[in-house]
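Okay, so here's the structure we're looking at.
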Amino acid sequence: MIAFNNPPFVGKELEYIKEAVDSGKLCGDGMFTKKCSEWMRERFSVNHVLLTTSCTHALEMASYLCDLKPGDEVIMPSYTFVSTADAFVLRGAVPVFVDIRPETMNIDERLIEDAITDKTKAIVPVHYAGVACAMDEIMDIAKRHGLKVVEDAAQGVNAYYKGKALGTIGDFGCYSFHETKNYSMGEGGALAFQDDAYLERAEILREKGTNRSKFFRGQIDKYTWVDYGSSYLPSDMNAAYLYAELEQAEQIDRKRHSIYRYYHEALRPLAQEGLIEQPFVPDYAKHNAHMYYIKLKDLEERTKLIAYLKEKGVMAVFHYIPLHSAEAGMRFGRFHGEDVYTTKESERLMRLPMFYNLDMKDVEYVADCILKYFKK
Ligand SMILES: *Cc1c(COP(=O)(O)O)cnc(C)c1O
């Protein structure tokens, strides 16, 4: 069976975990946590990166730092992972969903302004498949209406918009290092931001409402409870795993792009015949080959192809069920405007196996199976 995903492993992960264990400090903010944050700060040109226990937690921290009150509204796509909305729902905010652009599956920036009300506090663009949203337009809308922008860059680590790293353009960027993402620590994430003004509160939030981070830097003699907070700091063991992968980011990126390119070229004839649609990357975006998907004619065809591939030993999967049609989505949020593409496009999208340790022979086999399906 060719898996849909396997957690990435490049080589030095276990060695670094052992180093973390031997260092005598396993809790957060140890050597590897610092190395990971430094790596991202430099590579992505961002002033602050705080490693977190997940992207969900980074989104939660961002929602705290946006100072949301119950009833405040946050504009986002419905075609996204649960956490994009849930992190704000936990603060009592209302997710207001708008439609996506079919060619990228990203929020349609032209529909945002119409969804703004007196209660709107933030916009949450999700960079689907590591392909950037139209950030200039989104930042301009946010500026004119005094809104915060929280980028859900869970899939957008090491991907770019006009040369700027995703997650560093809005007020906050949230990354995921879950095992299904390009760079992994099992479970984990990071919160990135440029503005120094957020740092102290962000550190306190992450450290159970205490000023322990300041204490560790020797800036104060003892630490104490200073504000509300939670426990969002990952163990240094997990950070050790991640650091081994960040060091090999080039290699991981190259391999994922080879897989992406292979699928893209091998399946092009099907697109030319109008049997499938392939992903589109706007000129302004440099993507990170987070995902390879194709779109089928409709739900029925997708169901058939997924079953066919399973028979052939290939795990291909569909993706999000739009949040506005989920039980909790109906209870906590609302869809603004018309759902022209969200449901329709989500029903025809199918993702192909894509992970660092995937054998190119298997990639060829997957593409071959799809070509055969359409020939029969
Ligand atoms: C994976 C993902 C998340 C959640 O990431 P975790 O690290 O598992 O919390 C959030 N948003 C999007 C778009 C994702 O793909």
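The values are calculated or read from the model by the stated rules, or taken from the named source; none is laboratory data. It should be emphasised that the depicted structure is a prediction, and the values quoted were computed from it without experimental measurement. All Cβ positions, glycine included, derive from the backbone under ideal geometry; neighbour counts span all protein chains shown.
Starting from residues that are surrounded by fewer than 19 Cβ atoms within 10 Å (Cβ to Cβ) and of a type in the set (D, E, K, R), keep the ones in the stretch 211-237 and report whichever is nearest to ALA58 (Cα to Cα).
Among those that are surrounded by fewer than 19 Cβ atoms within 10 Å (Cβ to Cβ) and of a type in the set (D, E, K, R), it is ASP227.
Within the stretch 88-134, take every residue that is of a type in the set (A, V, I, L, M) and without any contact (Cβ under 8 Å) to a residue 40 or more places away in the chain and give me the one that is nearest to the ligand (Cβ to nearest atom). It would help to see each step written out before you state the result.
Keep residues of the stretch 88-134 that are of a type in the set (A, V, I, L, M), which gives 89-90, 93-94, 96, 98, 100, 105, 107, 111-112, 115-116, 122-124, 126, 129, 131-132, 134.
Keeping just the survivors that are without any contact (Cβ under 8 Å) to a residue 40 or more places away in the chain gives 90, 93, 107, 112.
Values: LEU90: 13, ALA93: 16, ILE107: 12, ILE112: 18 Å.
Per the stated criteria, the residue is ILE107.
Under 7 Å between Cβ atoms, which residue pairs at least 6 apart in sequence (or on different chains) link something in the stretch 169-193 that is modelled with pLDDT of 95 or more with a partner that is more than 9 Å from the ligand (Cβ to nearest atom) and of a type in the set (Ser, Thr, Tyr)?
Short answer, once both residue conditions are applied: ILE169/TYR161; PHE177/TYR183; PHE177/SER184; HIS178/SER184; MET185/TYR241; GLY186/TYR241; ALA192/THR168.
From the residues in the stretch 44-87 that are among the aliphatic types (A, V, I, L, M) and more than 16 Å from the ligand (Cβ to nearest atom), which one is nearest to VAL150 (Cα to Cα)? Give the steps one after another, and end with the answer.
Taking the stretch 44-87 first, the residues among the aliphatic types (A, V, I, L, M) are 46, 49-51, 58-59, 61-62, 65, 68, 74-76, 82, 85, 87.
Keeping just the survivors that are more than 16 Å from the ligand (Cβ to nearest atom) gives 46, 65, 68.
Values: VAL46: 15, LEU65: 10, LEU68: 13 Å.
That would be LEU65.
Are any of the residues in the stretch 78-93 under 22 Å from HIS290 (Cβ atoms), hydroxyl-bearing (Ser, Thr, Tyr) and assigned to a helix (DSSP H, G or I)?
Here is the first cut: in the stretch 78-93, the residues under 22 Å from HIS290 (Cβ atoms) are 78-87.
From what's left, hydroxyl-bearing (Ser, Thr, Tyr): 78-80, 83-84.
This time we only want the ones that are assigned to a helix (DSSP H, G or I), so: 83-84.
Yes, the stretch 78-93 contains at least one residue that is under 22 Å from HIS290 (Cβ atoms), hydroxyl-bearing (Ser, Thr, Tyr) and assigned to a helix (DSSP H, G or I).
Just for the stretch 179-203: of the residues that are of a type in the set (A, V, I, L, M) and more than 16 Å from the ligand (Cβ to nearest atom), which one is farthest from the chain's Cα centre (by Cα)?
Checking each candidate, the answer is ALA197.
Output the number of the condition that GLU301 fails; it satisfies all remaining conditions of (1) exposed (fewer than 15 other Cβ atoms within 10 Å of the Cβ); (2) over 29 Å from LYS162 (Cα atoms).
Looking at each condition in turn, GLU301 falls short on (1).
For the stretch 135-178, what are the residues that are away from the ligand (no atom under 14 Å from the Cβ), part of a loop (DSSP other than H, G, I, E, B) and among the small types (Gly, Ala, Ser)?
As a first pass, look at the stretch 135-178 and keep what is away from the ligand (no atom under 14 Å from the Cβ): 135-149, 158, 160-165, 168-171.
So of that shortlist, the ones also part of a loop (DSSP other than H, G, I, E, B) come out as 146-147, 158, 162-163, 168-171.
Within the stretch 135-178, GLY146, GLY163, GLY170 qualify.
Pairs, please: C-beta under 8 Å, at least 6 apart or cross-chain, first residue free of Cβ contacts under 8 Å to residues at least 60 places away in the same chain and in the stretch 279-306, second crowded, with 21+ Cβ neighbours inside 10 Å and among the small types (Gly, Ala, Ser)?
As it stands, the answer is ILE306/ALA316, since those pairs meet every condition given.
With LYS18, LYS34, LYS69 as the choices, which residue is assigned to a loop (DSSP other than H, G, I, E, B) and of a type in the set (Lys, Arg)?
Unique residue meeting the criteria: LYS69.
Please list, ordered by first then second residue, the pairs with beta carbon atoms under 6 Å, 6 or more apart or interchain, first in the stretch 199-226 and hydroxyl-bearing (Ser, Thr, Tyr), second part of a helix (DSSP H, G or I) and surrounded by 15 or more Cβ atoms within 10 Å (Cβ to Cβ).
Pairs that qualify, where the first residue is hydroxyl-bearing (Ser, Thr, Tyr) and the partner is part of a helix (DSSP H, G or I) and surrounded by 15 or more Cβ atoms within 10 Å (Cβ to Cβ), are SER213/GLU203; TYR223/ARG212; TYR223/PHE215.
Test THR303 against the stated conditions and say whether it is out of contact with any strand residue (DSSP E or B) (no Cβ under 6 Å at 6 or more places or on another chain) and farther than 30 Å from THR117 by Cα.
Yes.
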